[in-house]
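Structure first, then comments.
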Amino acid sequence: MQQAKILIESGFGWSEYKEEWGDFWLKGYCYGPQKMASVARNIAKMAEEEAYKKIDNYLNDLDGHFSLVINTEKIWFAAVDRIRSVPLFFVERSNEVLITDQPEKLIGWLSADELRLNKDAETVMRMSGYCSGSDTLLGGLVQIQSGEYIVHAKNTGLINRLYYSYSPYSKDKDQKDLEDNLTVTTLSILQKIIDSVDERMIVIPLSGGYDSRVVASGLAHLGYKNIKCFSYGIKNNHESAISQLVAKKLGFPWKFVELSHQVVREDYFSEEHADYLKFSNTFASVQVEHEYSAVRLLKFSGWIPDDAIFINGMSGDFLTGSHIPKVLQETENKLGVSERRLQILNALFDRHYSLWKVLKTQQNKDLVFKKIWEEIEGEVKGLPNNQEDDFGLYEFSEFKNRQTKYVITVQRIYEFFGYDWRLPLWDNQYLDFWIEVSLKHKVNRKLFVETMKRQNWGNVWSAEYPSSYVTPKWIAKIRFIFKIFFFFFGKKMWKAFDRRIFYYWTETLCKLGVVPYRQVLLDKNGYRNAVSWLVEKYAERVRNNLSLYRNSND
């Protein structure tokens, strides 16, 4: 039997428990009366009996966000929740398996071969920001994907099982019934949070959009008072103006955290941020950076207590239909199997694998298409019978990769600075609701927006808000003059010029501060956004460190 070496330390939300029957490690939270010690014991018993279907059902029904590792004399086991909110990684050898939450802890244990760079994974990451499937940048390191667990019992080798898959499909339901169910579901989720936080302060990163607004207004509607909201970015930006109005109407204290390119740059290259990068490094995705400076400055200000709980609006826009590309919304023209397949793959490629134009070669496109379709065929068995449900494969792939490998990493920022968190719009009830909502109710977030406007919690859904505008004002005036001139050259040329010359200054969160303006201005490789540069810096850091790792381990 392979032995398990568990490289998880208490801290950053992890707790280790030693019981008579074995040891287990836990991070996260679960709702309901069941204690996690009994959850771990129940899973251990099922694993000893090799009752894997029972484990599938048991994990799927666990209501919360967590990672769990169990080690007994007879079995070892490791699982992440449906959305991989707390990632886990392993290295399999003939006689042992190394399991950790922070891959950097494994470096001293790995051989030169295990530390080899996975070049295909690096290519995919540089194009998207994350690795595909279970790949990581290290040849010997494997990530446990969303809704998966690994287990080793006495009579088996290592088994990797999928217990949950998010693959939306259309279910014919009445609009009114959907609105009623969405309202009840949303309030139920928020009430669970209220019951779980023990009157601690809730802190909401409140943008000008709908997702954080539904969290704030829903909590206000349920009567929870101990809430503070904040916004951040360039001074007087459009998103923060709306955020302040929403918070004021709800009666919640609000704070603006001003950012600049200098603040973002100094943070990114600081020693404290280097510690954050080590803590949050997964070798599977670049880290989300946009809240790092804001949370650090909030903590330094003393405006929120150390036991505060952060609740953001991720990933409401994705679940409610905002990301479905236009080409998959138009289903009047019936297509053949190969045309449908190509349409889905192209939509995913154009949206999520285009961080650098220079990398959009046919060879790289073939690589991405192969990995995406292998995952679709392996997990959801290819195309659905109904062409209208093709959007479900798009959402499946984004969920499995971008959402649960890259977007979810913002939670590491809260943990690094010592805060707990909740994810209401990633709740199991929300997943179970939206997986059955048809395309017609998801396009332009129709069901979600109409429902929330009718409910109008806190009267923040019917209020008038400022129209979008460009900040800072000095660049807005210059930009407007150039835009008039480009009227004669067309929108395409204007967009390219705008991105090269002005985007650095008009991007409200200052995310491009990690690179000098000159570098953006002279770019010839076709960057898409700030993540393009962050990925290049991350990939370069990994490549440079791998040779050091290998030499030190020889």
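Just so you know, all these numbers are worked out from the coordinates, no wet-lab data involved. Keep in mind that what you see is a predicted model, and the values were worked out from it rather than measured. Cβ atoms come from the backbone with ideal geometry, glycine included; neighbour counts cover every protein chain shown.
In summary, the lysines within cross-link reach of Lys299, defined as a Cα separation below 17 angstrom excluding same-chain residues under 8 places away, comprise Lys228, Lys255. Annotation: peptides 336-348, 471-483, ranked by per-residue average of other Cβ atoms within 10 Å with the highest first, follow the order 336-348, 471-483.
How much length would be gained if the chain were fully extended between Thr185 and Asp317, taking 0.36 nm per residue of separation minus their Cα-Cα distance, in nm to one decimal?
Numbers: separation 132, 0.36 × 132 = 47.52 nm, distance 1.65 nm.
Working it through step by step, the gained length comes to 45.9 nm.
Please work out the FRET efficiency for the pair Asn42 and Lys249, using the Cβ-Cβ distance as r and a Förster radius of 45 Å; give the result to the nearest 0.05. The value I calculate is 0.45.
The overall shape of region 342-414 is oblate: from the C-alpha gyration tensor, with semi-axes ordered a ≥ b ≥ c, the ratio a/c is 1.5 or greater and a/b is no larger than b/c. The separation of region 5-39 from region 322-400, counted between C-alpha centres, amounts to 38 Å. Taking 18 Å as the limit for the C-alpha separation, the pairs Lys35/Lys192; Lys176/Lys446; Lys400/Lys537; Lys326/Lys405; Lys119/Lys370; Lys326/Lys511 exceed it in the case of Lys400/Lys537; Lys326/Lys405; Lys326/Lys511.
For the chain, what class follows from the C-alpha gyration tensor (a ≥ b ≥ c being the square roots of its eigenvalues): rounded when a/c is under 1.5, otherwise prolate if a/b is larger than b/c, else oblate? Each step should come with its number before you reach the end.
Numbers: a/c = 1.33, a/b = 1.22, b/c = 1.09.
Rounded.
Just add up the charged neighbours of Gly209: K/R +1, D/E -1, any other residue whose Cβ is under 11 Å from the Cβ of Gly209. The partial results should precede the final answer.
Numbers: positive: Arg213, Arg445; negative: Asp211, Glu239, Asp317.
Net of charged neighbours comes to -1.
What value, in deg cm²/dmol to 500, does the helix sum -39500 (n - 2.57) over DSSP H runs of n ≥ 4 give at 222 nm once divided by the residues of the chain?
Numbers: 23 runs with 243 residues, N = 554.
My calculation for the chain gives -13000 deg cm²/dmol from helical runs alone.
Calculate the FRET efficiency for Glu271 and Thr156 from the Cβ-Cβ distance with a Förster distance of 41 Å, rounded to the nearest 0.05.
Details: r = 46 Å, r/R0 = 1.11.
E(calc), rounded to 0.05, equals 0.35.
Using only side-chain charges placed at the Cβ, +1 for Lys and Arg and -1 for Asp and Glu, the dipole size of the chain relative to its Cα centre rounds to 2300 debye. Sequence-distant contacts, meaning Cα pairs under 8 Å at least 6 residues apart, place the relative contact order of the chain at 20 percent.
Expressed in nm to one decimal, what extension gain is obtained for the pair Lys299 and Lys483 from 0.36 nm per residue of sequence separation less their Cα-Cα distance? Spell out each step's value before the answer.
Values: separation 184, 0.36 × 184 = 66.24 nm, distance 4.06 nm.
Stretched out fully, the Lys299 to Lys483 stretch lengthens by 62.2 nm.
Within the chain, what percent of beta bridges assigned by DSSP are antiparallel, to the nearest 5? Mind dumping the intermediate values first?
On the way: 37 of 56 bridges.
If we restrict to bridges inside the chain, about 65 percent are antiparallel.
Here the peptides 396-404, 233-241 are ranked by packing, the mean other Cβ count within 10 Å, and the order with the highest first is 396-404, 233-241.
Based on the Cβ-Cβ distance from Glu374 to Tyr465, what FRET efficiency comes out when R0 is 35 Å, to the nearest 0.05? Don't skip to the answer; put the middle values down first.
Details: r = 45 Å, r/R0 = 1.27.
The computed FRET efficiency comes out at 0.20.
Here the 3J(HN,Hα) profile of region 396-401, calculated from phi with Karplus coefficients 6.51, -1.76 and 1.60 at θ = phi - 60°, is 4, 5, 5, 4, 5, 10 Hz, Gly and Pro shown as x. Using a simple spin-label model with pseudo-atoms 7 Å out from Cα toward Cβ, Gln2 and Asn57 lie 2.8 nm apart.
Compute the Cα gyration tensor for region 120-222, then decide on rounded, prolate or oblate, letting a ≥ b ≥ c be the square roots of its eigenvalues: rounded whenever a/c is under 1.5, prolate when a/b is larger than b/c in the other cases, and oblate in all that remain. Write out the running numbers ahead of the final one.
Working: a/c = 1.89, a/b = 1.77, b/c = 1.07.
Since a/c reaches 1.5 and a/b is larger than b/c, the shape of region 120-222 is classed as prolate.
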